[in-house]
Amino acid sequence: MKRKIYNKLLQWKKQWNGKTAVLVDGARRIGKSWIVEEFAKNEYKSYILIDFNNVRPNILELFELYLTDLDTFFSHLSIFCGTKLYNRESVIVFDEVQMYPKARAAIKYLVKDGRYDYIETGSLVSINHNVKDIVIPSEEIRLNMYPMDLEEFAWAVGQNMLYDFVCQQFQKQQPLGQALHRKMMEVFRAYMLVGGMPQAVLSYVENKDFRAVDAVKRSILALYRNDISKYAGRQAPNVTRIFDRIPGMLQQHEKRFSPSKIKQGSRSRDFADAMFWLDESRVVNFCYAATEPSVALALNQDDAKVKLYMADTGLLVSMSFGETDLEQSGIYEKILRGKLEFNKGMLTENVVAQLLKSNGHPLYFYSNNSRENAEDRMEIDFLIRKTPATSHYNICPIEVKSASGYSLTSLLKCKKKFNRHIGTLYVLHTADLKVEDEVVYLPLYMAGLL
């Protein structure tokens with residue numbers, strides 16, 4: 001499957017020319033190992049992949065004995081793997097590098113040697129978990145990888161031309177037209193249900209069977225829960241409580257994380273370590289409140305007010321419904337055709353968060369529940385910063401609307417109160433693109449183009 005991170009790896013190879021290694025990190029099962037090996041196959045004369053999750057003892061012995069004698073290290077490695085290495089034309093891949101921290105520490109010496117390129121993959125939680133007694137190499141840059149976004153999903157299901165047209169219309173700010181809009185909304189709903197985990201997407205492409213897709217997603221969720229038990233240590237019970245409550249929190253009108261709803265009588269500090277672990281796991285996207293929608297969103301971040309979105313909306317769907325319900329009631333098909341009444345806002349807001357995050361936006365929202373002044377009372381789903389920054393009008397507020405009937409009260413209040421900071425007003429909705437009264441109405445499937 002085509003992945004956008006491939007181009008980022010190409011840029012790294014060209015820009016750094018062996019002067020740094022690259023670490024591709026992200027949540028489990030998002031396709032890191034696969035895309036890195038594809039890159040190694042296509043862009044180098046030869047490659048060696050060392051999977052530290054399943055590695056032979058004689059390979060590990062090389063790191064113990066020969067890091068001070070790299071000629072012997074490379075000659076033995078080449079023989080053991082049956083692959084000839086070429087100076088500046090070969091790459092060595094350390095897959096699941098967190099399983100053997102000494103290999104990660106060796107990057108410093110291997111990069112300095114300069115003969116070959118080095119790519120590492122790993123999960124951030126277990127990478128940071130396994131750093132005891134090693135020096136983190138400064139000769140390493142990181143690339144964040146996410147589940148497949150909507151464009152990558154469209155490529156996978158053979159809708160390249162349709163998505164290219166979506167991009168053209170977004171640039172021109174013109175509607176797609178009724179027939180193509182309806183077709184793209186079908187692709188969007190399928191993406192929302194299947195999600196962006198490559199294994200689930202592959203199952204959907206091959207079988208078009210949502211039950212098979214759901215089984216894949218539930219196996220991934222089981223893997224994540226196993227990781228919590230394995231790596232979260234004493235925080236595992238709290239991490240599990242938060243993780244399992246995410247669908248419930250997103251169904252509420254007030255979607256913010258509330259410690260007392262996780263465990264009665266608890267406070268934010270009781271879950272601080274668990275929240276840190278979840279943030280690093282990349283399984284959850286954190287969206288923080290901004291005290292003011294100004295260009296310095298990070299400086300205005302209110303850590304006490306946070307929403308938790310699942311990093312993959314397809315996984316959220318499987319978490320939200322019982323396995324029996326999905327199979328016996330045909331829930332997938334009903335959602336796909338818009339025939340099921342439930343809190344669709346939960347899924348649409350989550351998928352927008354997912355698409356914004358994968359496009360490089362840190363997630364922020366604005367909320368003011370003032371009882372004194374009705375003009376101050378508003379809730380803005382997302383705030384994004386436009387680039388490049390200018391002296392004024394840097395922040396674009398986004399409202400997500402899953403139903404056909406809605407008001408723009410909060411959006412207009414935000415524009416009025418923070419006029420000097422506010423740029424384009426966006427509404428993401430189920431209808432086609434239109435521009436009206438200084439508001440840009442975009443179909444939901446254009447969220448990832450902002």
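Rule-based calculations on the coordinates, nothing more; no lab input. Remember, predicted model here, so these are calculated numbers, not experimental data. Note that we place each Cβ from the backbone using ideal geometry, even for glycine, and neighbour counts take in every protein chain shown.
The simple spin-label model puts a point 7 Å past each Cα toward its Cβ; for Lys434 and Asn17 those points are separated by 5.5 nm.
Here is the list for segment 363-450: trypsin sites (Lys or Arg not before Pro) lying in DSSP coil, each with at most 13 other C-beta atoms within 10 angstrom of its C-beta, are Arg371, Arg420. Exceeding 18 Å between C-alpha atoms, which entries from my cross-link table qualify? They are Lys255/Lys401; Lys4/Lys307; Lys255/Lys334; Lys255/Lys417; Lys4/Lys357; Lys208/Lys334. Beyond 18 Å: Lys4/Lys307; Lys255/Lys334; Lys255/Lys417. Helix 101-113 and the long axis of the chain differ in direction by around 70°, with both axes built from C-alpha atoms.
Converting phi to 3J(HN,Hα) with the Karplus coefficients 6.51, -1.76 and 1.60 and the offset θ = phi - 60°, segment 35-42 yields 5, 5, 5, 4, 4, 4, 4, 8 Hz in sequence order, with x at every glycine or proline.
In a Gaussian network model over the chain where Cα atoms closer than 10 Å are linked, find which of Leu355, Leu363, Leu65 has the largest mean-square fluctuation. Result: Leu65 has the largest fluctuation of those listed. How many percent of the alpha carbon pairs in the chain exceed a separation of 41 Å? Of all Cα-Cα pairs in the chain, 22 percent lie more than 41 Å apart. Listed by chain and number, the aspartates and glutamates placed with their C-alpha closer than 19 angstrom to that of Lys415 are Glu292, Glu375, Asp376, Glu379, Asp381, Glu399, Glu436, Asp437, Glu438; residues fewer than eight positions away on the same chain are left out.
Annotation: amide H-H contacts under 5 Å for Leu49 (H modelled 1.01 Å from N, sequence separation of 5 or more, or interchain): Val93. With contacts taken as Cα pairs under 8 Å and at least 6 residues apart, segment 150-449 reaches a relative contact order of 18 percent. For the options Gly158, Gly82, Gly248, a Gaussian network treatment of the chain with springs between C-alpha atoms closer than 10 Å singles out Gly82 as fluctuating the most. At full extension, Asn419 and Asn369 could sit 16.1 nm farther apart than now, given 0.36 nm per residue minus the alpha carbon distance. Close amide H pairs (under 5 Å, H built 1.01 Å from N) link Glu120 with Val22, Leu23, Val24, Phe94, residues at least 5 positions away or on another chain.
Based on the reciprocal of the average 1/r between different C-alpha atoms, the Kirkwood radius for segment 1-134 equals 15.1 Å.
Residues considered: Gln301, Gln178, Gln98. Largest GNM mean-square fluctuation over the chain, using C-alpha springs under 10 Å, is found at Gln178. Here Lys263 is the anchor, and the aspartates and glutamates within straight C-alpha reach of less than 20 Å, apart from those fewer than 8 places off in the same chain, are Asp244, Glu254, Asp273, Asp279, Asp303. Of the cross-linked pairs Lys19/Lys102; Lys8/Lys183; Lys2/Lys32, those separated by over 24 Å at the C-alpha level are Lys8/Lys183.
Remark on Tyr393: its backbone amide H falls under 5 Å from those of His421, Ile422, a criterion applied only to residues 5 or more positions apart or on other chains, H modelled at 1.01 Å from N.
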